[in-house]
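Student: Below is a structure I'd like to ask you about.
The values are calculated or read from the model by the stated rules, or taken from the named source; none is laboratory data. If you're wondering where the values come from, they're calculated on a predicted model, not measured in any experiment. Positions of Cβ are generated from backbone atoms using ideal geometry, with glycine treated the same way; all protein chains shown enter the neighbour counts.
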Amino acid sequence: MLRELQQQGTLENFPPPECQRAFLNALSVKEFSKVYRNLNRFEAAAFEILLTDKNKKKFDVHIQQGCSLSSFNDAIAAKGSDEQILAMLSASLGYIPHSSLLIEQSEKFFLPVLRKRKSLPHYVLDNIIEQKREDLLIAYFEEAQPTSFDRSLSYKLMESSLDKAKEAYITTCQHLSESAAVYAFRKGDAKLCKEVLSKRLMECNQELEALFNLNNPEFLLLAVDKLNKETEAKTANRAHGEEKDDAEPYCFPEPYETLLMESGCFEAIRAYLSGRILGYNAEIALVKSRNGVFIRLYLESNDLEDGLINAAAEIIFSGQDKDLKSFYLEKYGLPYTLEAKLISDGDCNALCSYISSHQLCSINAARLMESGLTEAARLYCEKHGLKKLAATVLMKRGDAEVRHFYVDRLLAEGEHLTDDAEFHFLENGCKEQVFRYITVNSRKLKTQSVTALLNRGDLELIEAYAELFEIPTEALILFAKLGAKRALETYIASYALADEAEEALVERGDCELLIRYFEQNELYSKAECKLMQSDFARTGAAVRFYLDKYDLFEDAEVELVKRGDRAMLDVYIAKHPLGPDAENLIVSVF
């Protein structure tokens, strides 16, 4: 058999296990080492003969070659007291005894195996925890110094009573689980807490809850420092060309970000604010903290949510931090209430300083235009221009000098006023400017603006506009119905109204205006009818004037007869014969 193995490397007729054991027993160590590689077809049971005292050196050769020893467990357990066998086993790279053997005869098996492998299978460690062999766990952590520990095993360990093993895990393992962090924080041991915070990124709710319950500024700072270090590492490792957003800083989730802002832990908050954008609730907490240093640090690289800007300003400007006030002014300007106070205080120098670089909100810009602070109002117009409300207030009741300056600026730039502002300007503005406004840019005015121009009662301006554009009927109707009496008197002394505008003038019921109009103008049919239907108590004098002067249309004669006013009818028929329809109606009315 030996010769056949040496020459051919195989056996044509493979012997049974009994012959295999006899053959192995008969070989010398030297012969065994020569033919060992050709024994791969021998059954594992045959190799148990190598455990005898006579064959220990052959066994050594066997395990040195990296053989599988799983079938040897029972035999090894039986010879567990054999130090020579154990020494051989400790040198084996591939052999792991059954976990029961490792645990039950740990003094002889555990450390030799662990020292060689520096690791143990999951099932072995699970069995150790199940059997509460704290000594073996501690030995494992101290000897193996594992980088990580299976999450399920960690949870199982933390649920056990093996406190010393837990501490060994936390102090030796580099990557710790959430359950380990929770255990350390709940225990409150400073050493364990620091170990956890130096190794683990705090991101999970349960561990963060336990951490914040400690309310320990030092621990919070360590947690933030870990966030910052991991962020730096992530940024440094970001691939070339990778989007910046892919390296966003690590942050605490809500509500713990907010709790940090409320904690009062100065160093931790300051470290956290650098380079991070807070969530809305955290921003609220930051503002409510009234800490100017924190607020400024945050504002240097971030903008507050719109709803928080004014709240932050109220806090900042109620304090004594002048640098923070200046910083906030430069970034945001004053909130609405403080702008209003600056205007009402009447300090023109302070106001000019502020508006040199800041726009007022629309309401406060309007307040400035009617404040009487001429220098500040003019500066504001020059720096920022005016929006609709402020321009309207300026044209309606603002300082004349500022009005003049602003309109000149608009004319020079070829611009025009907004609708309401234009209305008040055309009605009350400087004539020379109004003339230029309606002629220089040759812009057709809207109905409301034409009505304002008519309301001035300045025929020269009206004629200047009428040369460029026809005065719209809608404007004349509004003018006749609502226009200033003096302006109407001036206009109707020179111009007739459109038909619908005549109706509006009659409906207005102003006797003096009607008489002034009738002096030069006869009404058209519908307007005559409305006049005959009007309230004679108000318009009687104008009606008599008209009846005395003009022939009525047939429809108007009928309306006059229907009124049944004999005195008015007599005024008319004294000079004008009635038409047939009106004559026929007299019989039934009188």
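Student: When you check residue 438 against the structure, is it over 28 Å from residue 532 (Cβ atoms) and aliphatic (A, V, I, L, M), yes or no? Even if it seems obvious, please write down each step before you answer.
Tutor: On the way: over 28 Å from residue 532 (Cβ atoms): yes; aliphatic (A, V, I, L, M): yes.
Yes, satisfied.
Student: Any residue at all in the stretch 212-221 that is within 30 Å of residue 123 (Cβ to Cβ), of a type in the set (Asp, Glu) and either modelled with pLDDT of 95 or more or crowded, with 19+ Cβ neighbours inside 10 Å (or both)?
Tutor: No.
Student: Could you check residue 325 against (1) part of a helix (DSSP H, G or I); (2) in contact (Cβ under 8 Å) with a residue 24 or more places away in the chain and say which number it fails?
Tutor: Against the list (1) part of a helix (DSSP H, G or I); (2) in contact (Cβ under 8 Å) with a residue 24 or more places away in the chain, residue 325 comes up short only on (2).
Student: Just wondering, is there one or more residues in the stretch 480-488 that are assigned to a loop (DSSP other than H, G, I, E, B) and closer than 30 Å to residue 529 by Cα?
Tutor: Restricting attention to the stretch 480-488, the residues satisfying the condition of being assigned to a loop (DSSP other than H, G, I, E, B) are 483-484.
Now drop any that are not closer than 30 Å to residue 529 by Cα, which leaves 483-484.
Among the residues of the stretch 480-488, at least one is assigned to a loop (DSSP other than H, G, I, E, B) and closer than 30 Å to residue 529 by Cα, which makes the answer yes.
Student: Here is a further query. Which is assigned to a helix (DSSP H, G or I), small (Gly, Ala, Ser) and either in contact (Cβ under 8 Å) with a residue 12 or more places away in the chain or touching a helix residue (DSSP H, G or I) at 6+ places or on another chain (Cβ under 8 Å) (or both), of 452, 466?
Tutor: On the way: 466 fails: either in contact (Cβ under 8 Å) with a residue 12 or more places away in the chain or touching a helix residue (DSSP H, G or I) at 6+ places or on another chain (Cβ under 8 Å) (or both).
From the options 452, 466, the qualifying one is 452.
Conditions (1) in contact with a strand residue (DSSP E or B) (Cβ under 6 Å, 6 or more places away or on another chain); (2) within 16 Å of residue 452 (Cα to Cα); (3) crowded, with 18+ Cβ neighbours inside 10 Å, marked per residue:
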position: 474; (1), (2), (3): no, yes, no
position: 479; (1), (2), (3): no, yes, yes
position: 483; (1), (2), (3): no, yes, yes
position: 486; (1), (2), (3): no, yes, no
position: 503; (1), (2), (3): no, no, yes
position: 507; (1), (2), (3): no, no, no
position: 513; (1), (2), (3): no, no, yes
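Student: Here's something else I'd like to know. Out of the residues in the stretch 524-549 that are part of a helix (DSSP H, G or I) and of a type in the set (S, T, N, Q), which is nearest to residue 498 (Cα to Cα)?
Tutor: So the first thing to find is which residues in the stretch 524-549 are part of a helix (DSSP H, G or I), and the list is 525-533, 536-549.
Those left that are additionally of a type in the set (S, T, N, Q): 525, 533, 539.
Numbers: 525: 12, 533: 20, 539: 20 Å.
By that ranking, first place goes to 525.
Student: Hey, does the stretch 329-343 have a residue that's assigned to a helix (DSSP H, G or I), of a type in the set (A, V, I, L, M, F, W, C) and within 24 Å of the chain's Cα centre (by Cα)? Even if it seems obvious, please write down each step before you answer.
Tutor: Initially, the stretch 329-343 is screened for residues assigned to a helix (DSSP H, G or I), giving 329-332, 336-343.
After this cut, where a residue has to be of a type in the set (A, V, I, L, M, F, W, C) as well, the list is 329, 338, 340, 342-343.
Going one step further and asking which of them are within 24 Å of the chain's Cα centre (by Cα), we end up with 329.
For the stretch 329-343, residues assigned to a helix (DSSP H, G or I), of a type in the set (A, V, I, L, M, F, W, C) and within 24 Å of the chain's Cα centre (by Cα): present.
Student: Residue 383 versus (1) surrounded by 15 or more Cβ atoms within 10 Å (Cβ to Cβ); (2) in a helix (DSSP H, G or I): which is the lone unmet condition?
Tutor: (1)
Student: Could you figure out which of (1) at pLDDT 75 or above; (2) under 19 Å from the mean Cα position of the chain (by Cα); (3) not charged (D, E, K, R) isn't true of residue 268?
Tutor: (2)
Student: Go through the stretch 281-309 residue by residue and tally those that are of a type outside the set (Gly, Ala, Ser) and in a helix (DSSP H, G or I). Lay out the reasoning, then the answer.
Tutor: Looking only at the stretch 281-309, we keep the residues that are of a type outside the set (Gly, Ala, Ser), and these are 281, 283-284, 286-288, 290-291, 293-300, 302-306, 308-309.
Add one more test, that the residue is in a helix (DSSP H, G or I), and what stays is 281, 283-284, 286-288, 293-299, 306, 308-309.
Here the count works out to 16.
Student: Let me ask another. I need a count of the residues in the stretch 535-549 that are surrounded by 19 or more Cβ atoms within 10 Å (Cβ to Cβ) and not aliphatic (A, V, I, L, M).
Tutor: Pass one, the stretch 535-549, residues surrounded by 19 or more Cβ atoms within 10 Å (Cβ to Cβ): 539, 542-543, 546-547.
When the remaining residues are screened for being not aliphatic (A, V, I, L, M), the result is 539, 546.
Final tally of qualifying residues: 2.
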